[in-house]
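Scroll down for the structure; my scribbles are underneath it.
Every read-out reported here was derived from the displayed coordinates using simple, explicitly stated rules and does not represent laboratory data. Everything quoted here is computed from the prediction, not taken from an experiment. Glycine also receives a Cβ, built like all others from the backbone with ideal geometry; neighbour counts cover every protein chain displayed.
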Amino acid sequence: MFGADREKGIYMPHKELVKIPRATLDFYRYEEDGLVFYEFDATECTTPEPMVNAMAGLGMLQNDNERLVGIFFHKPMPLLERISEYFSYEAYELESGDFRIVFKKL
């Protein structure tokens, strides 16, 4: 059943609320396709909260099968420039105009 739902774009992994040290936003952990994801939503925040939470989340990434997913109200260029030596990322603009950014430790 999950495979068919995923193909239709309606598959939703089970997300577990987790405590991230130094974070001020809720973070959720879930697994998908053998990867562990930590996710947070910073669309309702003001500076510097999105960067503070992103840095806290990035500190959780310890190996190749972990990713951080951040939802931002704009593409956070200062953050992306700051971490470029240590993390790769893929940015996706959502229909809402927000950005979903998936980070991976290099």
Is it true that Phe103 is more than 15 Å from Thr24 (Cβ to Cβ), without any contact (Cβ under 8 Å) to a residue 60 or more places away in the chain, surrounded by 11 or more Cβ atoms within 10 Å (Cβ to Cβ) and in contact with a helix residue (DSSP H, G or I) (Cβ under 7 Å, 6 or more places away or on another chain)? yes
Just one of (1) out of contact with any helix residue (DSSP H, G or I) (no Cβ under 6 Å at 6 or more places or on another chain); (2) in a loop (DSSP other than H, G, I, E, B); (3) not polar (S, T, N, Q) trips up Tyr28, so point out which. (2)
Residue hits (region 38-63; closer than 22 Å to Glu95 by Cβ and surrounded by fewer than 18 Cβ atoms within 10 Å (Cβ to Cβ)) are Thr43, Glu44, Cys45
Could you please find all residues in region 43-78 being part of a helix (DSSP H, G or I) and in contact with a Gly (Cβ under 6 Å, 6 or more places away or on another chain)? Ala54
